[in-house]
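Have a look at the structure below before the remarks.
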Protein chains: 2
Amino acid sequence: METQTDLTLDEIIKKNLNPAQLEEYNRIHYGTKNLDTLRLTDDLTSKCKEKGIDIAAYSFPAGKEELREARKVKIGLIQHSIILPTDKSVTEQRNAIFRKVSELIDIAASAGVQILCLQETWSMPFFLCTGEKERWSEFAESAEDGPSTRFLRKIAEENKMVIISPILENDNGTWWNTAVVIDENGNYMGKHRKNHLPSVGSFSEIGFYDPGNMGHAVFDTKYAKIAVNICYGRHHALNWLMFGLNGAEIVFNPAATISEFGESFWGIEARNAAIANNYFTCSINRVGTEVFTVMTDFKAKKTVSRTYYGSSYITAPNGCRTPALSRVKDGLLVGELDLNLCRQVKDQWGFNMTSRLDMYATELAHATNK
Amino acid sequence: METQTDLTLDEIIKKNLNPAQLEEYNRIHYGTKNLDTLRLTDDLTSKCKEKGIDIAAYSFPAGKEELREARKVKIGLIQHSIILPTDKSVTEQRNAIFRKVSELIDIAASAGVQILCLQETWSMPFFLCTGEKERWSEFAESAEDGPSTRFLRKIAEENKMVIISPILENDNGTWWNTAVVIDENGNYMGKHRKNHLPSVGSFSEIGFYDPGNMGHAVFDTKYAKIAVNICYGRHHALNWLMFGLNGAEIVFNPAATISEFGESFWGIEARNAAIANNYFTCSINRVGTEVFTVMTDFKAKKTVSRTYYGSSYITAPNGCRTPALSRVKDGLLVGELDLNLCRQVKDQWGFNMTSRLDMYATELAHATNK
């Protein structure tokens with residue numbers, strides 16, 4: 001039986017409000033009384049139901065323009081739990097994840113997805129929470145030709161799909177938290193490294209790798225100009241801003257975040273970024289519980305366990321957002337985005353025009369030279 | 001009878017969810033299952049009920065520290081409608097507003113409020129929407145010793161209250177959208193000018209005044225370090241950021257904003273700013289409908305009408321927020337804030353420590369020199 005917290009808040013709300021009340025809820029919290037849903041085939045829907053995958057699809061249309069055709073692109077966000085216990089071999093754990101993700105991408109391909117983003121360090125358990133490095137080191141891999149990249153290049157080519165693959169990178173002995181971008185022909189297109197690293201309570205990524213040294217790249221893919229703001233970077237408004245200034249139309253935020261830290265602003269930050277920068281944002285969180293047995297300094301064993309709450313969602317440049325995917329199940333969220341909406345909202349709201357960046361460049365330079 | 005939209009969404013939710021569901025709603029949307037309410041005297045409560053004033057009071061405690069006492073401050077946000085039709089004389093309209101606001105501040109004083117903020121251009125109808133200037137020009141006043149400042153200085157002194165008074169300033173023939181800060185002794189303390197001016201659809205403030213030329217002042221008042229981000233400035237992350245870098249513990253956002261533009265992100269932006277900068281934010285919106293008869297260029301009359309949706313609220317440095325005040329009634333929102341929470345959350349989450357402002361100063365300088 002589903003427990004209260006297995007239901008997303010959206011599901012609770014839907015069950016308890018009448019249609020007019022639900023419209024008001026959606027108007028205030030989601031920016032639109034009725035979001036357009038995309039029809040999925042019965043085959044896909046029943047396949048997902050059978051496999052316990054939460055699937056949902058929405059459309060974000062834009063106004064008609066004279067000089068530009070609609071620029072529709074279909075994106076997919078995948079959230080998935082790990083499969084094997086974390087004491088299994090690297091190869092076994094990784095292959096099990098590969099098998100599951102392969103199935104999920106198949107479903108995304110059937111739904112017509114052209115740009116797909118996976119969760120943070122998707123091909124491994126998120127062992128950073130153990131504080132241990134050496135024992136897990138074989139999960140770190142080459143961005144250019146490691147197992148995750150090789151696995152996804154083939155799938156990308158087969159499906160003419162751009163794939164964002166957030167992994168743990170080992171670059172000639174140095175680790176990075178990196179998102180690899182693979183183009184629709186299966187070519188390695190480039191990578192971006194996580195700019196801001198968390199150190200919250202007993203959890204810290206500092207010591208595993210440094211903050212990213214690659215600035216704020218925007219990848220001009222066949223389907224859209226995309227960027228990746230990895231996990232904790234969503235707390236930093238300037239990180240979001242720079243991707244926007246560099247031309248991003250969609251910014252993906254693959255994450256690995258737990259309820260105890262910030263579930264109440266999971267719906268705020270990426271949505272605020274979409275509003276402030278008038279691009280689409282895509283929030284993807286891991287899902288499921290991961291349990292690790294770690295050795296303490298005194299040779300005793302202890303168990304470290306972290307539960308990720310999924311809740312992946314998409315926000316449009318005008319602040320309209322989708323409901324969240326499940327808090328507990330694997331899921332695929334599909335969005336059909338008309339990229340023309342980015343400029344339309346910019347022209348309507350004027351945030352770019354009124355941003356006074358020159359003033360802030362001066363003020364920031366002054367503030368950091370104190 | 002109250003209509004659906006007379007109820008706030010919070011009220012609708014409260015009526016339809018059971019306690020466990022309500023906790024989940026609060027956890028996700030307000031950052032805490034149960035916000036601490038502050039007890040108001042029965043006298044105050046019944047007086048407000050009688051007068052149709054929405055009053056609410058909440059407490060945001062912080063953890064106990066060894067080296068610092070709790071630094072509790074009581075703040076008040078007032079939202080109010082205008083009283084007289086906009087074709088009455090300046091003096092009549094203003095005096096009617098003075099009388100109402102005087103009553104509201106009396107109530108705030110009885111509730112122990114130490115820092116009070118009024119809505120944007122509180123002492124006049126928000127005539128900027130007419131596009132007309134000359135006809136309304138006598139509402140523009142001196143920040144240092146205009147009627148609004150003189151009126152509030154007396155009240156501030158009587159109640160030992162710091163008051164933020166957002167007005168339309170006329171400084172030697174030049175208009176500005178300005179917030180005046182009056183200290184607890186009734187002295188003029190300083191002013192801040194709105195940094196970002198809207199030009200959305202047919203509504204534009206450009207032509208009335210220029211964007212602010214006073215940077216991002218923080219006022220070190222007796223009770224707290226405060227700043228004012230006026231209205232449309234809430235859309236700009238860097239505006240919020242600079243107040244934080246300059247040491248603000250509470251940032252007030254007095255506004256005049258209508259449902260058609262952004263009610264769905266009214267709850268997002270100031271809350272996001274509180275989270276990103278780990279200070280308290282206070283969102284204050286006008287309320288009620290204001291109707292203007294304006295002359296068109298062809299000497300015909302037309303009616304311009306704008307309805308403000310109130311919904312004032314407070315957010316804490318950890319993202320917890322209060323429910324919104326009424327969408328339609330005058331209101332007073334009281335918050336008891338322990339300012340120690342600002343540093344506690346900064347230390348816990350590490351956003352400041354990981355902000356990499358030097359990198360962004362360089363990137364922004366580059367971006368604005370293209």
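Laid out as a table, the results:
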{"quantity": "DSSP bridge pairs, the protein assembly as shown: antiparallel proportion in percent, nearest 5", "calculated": "65"}
{"quantity": "Per-residue mean of C-beta atoms belonging to partner chains within 10 Å, peptide A:227-238", "calculated": "4"}
{"quantity": "Average accessible area per residue (Å²) across the protein assembly as shown - probe 1.4 Å, nucleic acids and ligands excluded", "calculated": "39"}
{"quantity": "Relative contact order (%) - chain A, alpha-carbon pairs under 8 angstrom, separation at least six", "calculated": "21"}
{"quantity": "Bins of 5 Å from zero: percent of alpha-carbon pairs in region A:1-133", "calculated": "2, 8, 12, 15, 16, 17, 13, 8, 6, 3, 1, 0"}
{"quantity": "Qualifying lysines (Cα of each under 29 Å from Cα of A:Lys64; at least 8 residues distant if same chain)", "calculated": "A:Lys33, A:Lys72, A:Lys74, A:Lys160, A:Lys222, A:Lys225, A:Lys346"}
{"quantity": "Gyration tensor verdict on region A:68-151 (Cα atoms; rounded if a/c is under 1.5, prolate if a/b is larger than b/c, oblate otherwise)", "calculated": "prolate"}
{"quantity": "Other copies of A:Asn187: label-to-label distances in nm, shortest first, labels 7 Å along the beta-carbon direction", "calculated": "6.9"}
{"quantity": "Test item: A:22-33 mean partner chain Cβ contacts at 10 Å", "calculated": "4"}
{"quantity": "Apportionment of accessible area to carbon and sulfur, the protein assembly as shown, percent (1.4 Å)", "calculated": "47"}
{"quantity": "Residue-count net charge about B:Phe98 - beta-carbon cut-off 12 Å; Lys, Arg +1, Asp, Glu -1", "calculated": "+3"}
{"quantity": "Segment B:Glu11-B:Asp145, length gained on full extension (0.36 nm per residue, minus Cα span)", "calculated": "44.1 nm"}
{"quantity": "Cα-based shape type of region A:35-368, given that a ≥ b ≥ c are square roots of the gyration tensor eigenvalues and the cut on a/c is 1.5", "calculated": "oblate"}
{"quantity": "Antiparallel DSSP beta bridges within region B:175-263, percent to nearest 5", "calculated": "70"}
{"quantity": "Those GluC sites (Glu not before Pro) in region B:230-282 that DSSP places in a loop and that have at most 12 other beta carbons within 10 Å", "calculated": "B:Glu260"}
{"quantity": "Computed E for A:Thr362/B:Glu132 - FRET, C-beta separation, R0 30 angstrom, nearest 0.05", "calculated": "0.30"}
{"quantity": "Inter-copy spacing of B:Asp358 label points, which lie 7 Å from Cα along Cα→Cβ, given in nm from shortest upward", "calculated": "2.7"}
{"quantity": "Cα centroid of region B:284-349 to Cα centroid of region A:60-115, whole Å", "calculated": "40"}
{"quantity": "B:Met214 accessible area, 1.4 Å probe, all protein chains in place, Å² to nearest 10", "calculated": "70"}
{"quantity": "Label distances, nm, B:Ala70 versus same residue in remaining copies, Cβ-directed 7 Å point", "calculated": "5.7"}
{"quantity": "Accessible area (Å², 1.4 Å probe, nearest 10) - B:Tyr209", "calculated": "10"}
{"quantity": "Coil-residue trypsin sites (Lys or Arg not before Pro) of region A:149-181, DSSP, other Cβ within 10 Å capped at 11", "calculated": "none"}
{"quantity": "Mean Cβ neighbour count within 10 Å, used as a protection proxy, ranking B:36-47, B:182-193, B:322-333, A:230-241 highest first", "calculated": "A:230-241, B:322-333, B:182-193, B:36-47"}
{"quantity": "Distance (nanometres) between label positions extended 7 Å along Cα→Cβ at A:Glu103 and B:Lys72", "calculated": "5.6"}
{"quantity": "Burial of 40 Å² or greater, region B:170-213 residues [accessible area, probe 1.4 Å, versus chain by itself]", "calculated": "B:His196"}
{"quantity": "Estimated [θ] at 222 nm from DSSP helical runs (n ≥ 4, -39500 (n - 2.57)) normalised by residues in chain A, nearest 500", "calculated": "-9500 deg cm²/dmol"}
{"quantity": "A:Asp347-A:Val291 FRET efficiency (beta carbon distance; Förster radius 60 Å; 0.05 resolution)", "calculated": "0.75"}
{"quantity": "B:Ile206 paired with A:Asn213, simple spin-label distance in nm, labels 7 Å along Cα-to-beta-carbon", "calculated": "4.2"}
{"quantity": "Part-to-part distance (alpha-carbon centres) for region B:178-208 and region A:142-179, which is given in Å", "calculated": "50"}
{"quantity": "Label point distance in nm, A:Thr41-A:Lys64, each placed 7 Å from Cα along Cα→Cβ", "calculated": "3.1"}
{"quantity": "Chain pair B, A: total accessible area buried, heavy atoms, 1.4 Å probe, Å²", "calculated": "5800"}
{"quantity": "Hull shadow area, averaged, the protein assembly as shown [alpha-carbon convex hull, nm²]", "calculated": "34.2"}
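The values are calculated or read from the model by the stated rules, or taken from the named source; none is laboratory data. Note that the structure is predicted; figures quoted are calculated from it, not measured. Note that each Cβ is placed from the backbone with ideal geometry, even for glycine, and that neighbours are counted across all protein chains shown. Accessible surface areas use protein heavy atoms only, side chains included; no ligands, DNA or RNA. Shrake-Rupley method; radii C 1.70, N 1.55, O 1.52, S 1.80 Å.
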